[in-house]
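J.: The following block contains the structure, expressed as structure tokens.
Quick note: the coordinates plus some simple rules give every number you see, no bench work behind them. Treat the numbers as computed from the prediction; the structure is a model and nothing was measured. Using ideal geometry, Cβ is built from the backbone for each residue, glycine included, and neighbour counts are taken over all protein chains shown.
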Amino acid sequence: MKQCGLVVQTMERTAKVRMQRHASCAGCNACKMGSQEKPIELEALNLRQAVPGQMVEVEMEQENVLLAAFLMYVVPLIFLVIGVLAGHYGLGALGINQYRDLLTALIAFLFTALAYLILNQGEKREHFKEKMLPVIVEIVPETEEKS
């Protein structure tokens, strides 16, 4: 998936790029409620040494987009279900019946939080970060707009 954007800030190996949302973002609501009017800013690997003010083409592999969606939505859901099952059956096996539903919900919440903590730690690894970040693949040449 390729999109164009404006480099607004550069860091050591990455750049912050401002771009308009892709049409497929309209129904997602993952960021800023799916509004297409507001631009988004994302961090991208700056392999082309783009500088602030330059228009660039940013690309992210489709497999990585799907993997990111899986990690952010499916993995926590799996941990939630495991937490519900562990809470319900674990508390039952221990003979805890008072406030069992409330405690099961609490355990499920804790398992979901654990999933996000694990994902957050994995995200901090440099190899994982470089694999999941979009990449600046080209600096778009400026067009002559003077008349």
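J.: Please list, by residue number, every one of the GluC sites (Glu not before Pro) in segment 55-119 that is coil in DSSP and has at most 16 other beta-carbon atoms within 10 Å. Don't jump to the answer; show the numbers that get you there.
T.: Numbers: sites: E57, E59, E61, E63; in loops: E61.
In loop regions of segment 55-119 (DSSP not H, G, I, E or B), the sparsely surrounded GluC sites (Glu not before Pro) are E61.
J.: Next question, about the same structure. Grab the alpha carbons of segment 33-104, take their convex hull, and tell me the volume per residue in Å³.
T.: Working: hull volume 11.8 nm³, N = 72.
Enclosed volume per residue, from the Cα hull, is 164 Å³.
J.: In vacuo Debye scattering of the chain, one point per C-alpha: log10 I(q)/I(0) at q = 0.16 Å⁻¹?
T.: -0.93
J.: Ok, one more. Within the chain, which whole H helices from DSSP have a Cα span along their axis of at least 27 Å and a mean Kyte-Doolittle hydropathy of -0.5 or more, if any?
T.: Both cut-offs are met by 100-123.
J.: Per the helix-only calculation at 222 nm, which mean residue ellipticity applies to the chain, given -39500 (n - 2.57) for every DSSP H run of n ≥ 4 and division by its residues, nearest 500 deg cm²/dmol?
T.: -13000 deg cm²/dmol
J.: Can you list residues whose amide H is under 5 Å from C4's amide H, if they're 5+ apart or on another chain and H is modeled 1.01 Å from N?
T.: V58
J.: Restricting to lysines 8 or more places apart or on different chains, can you count the pairs in the chain with Cα atoms under 19 Å from each other?
T.: 9
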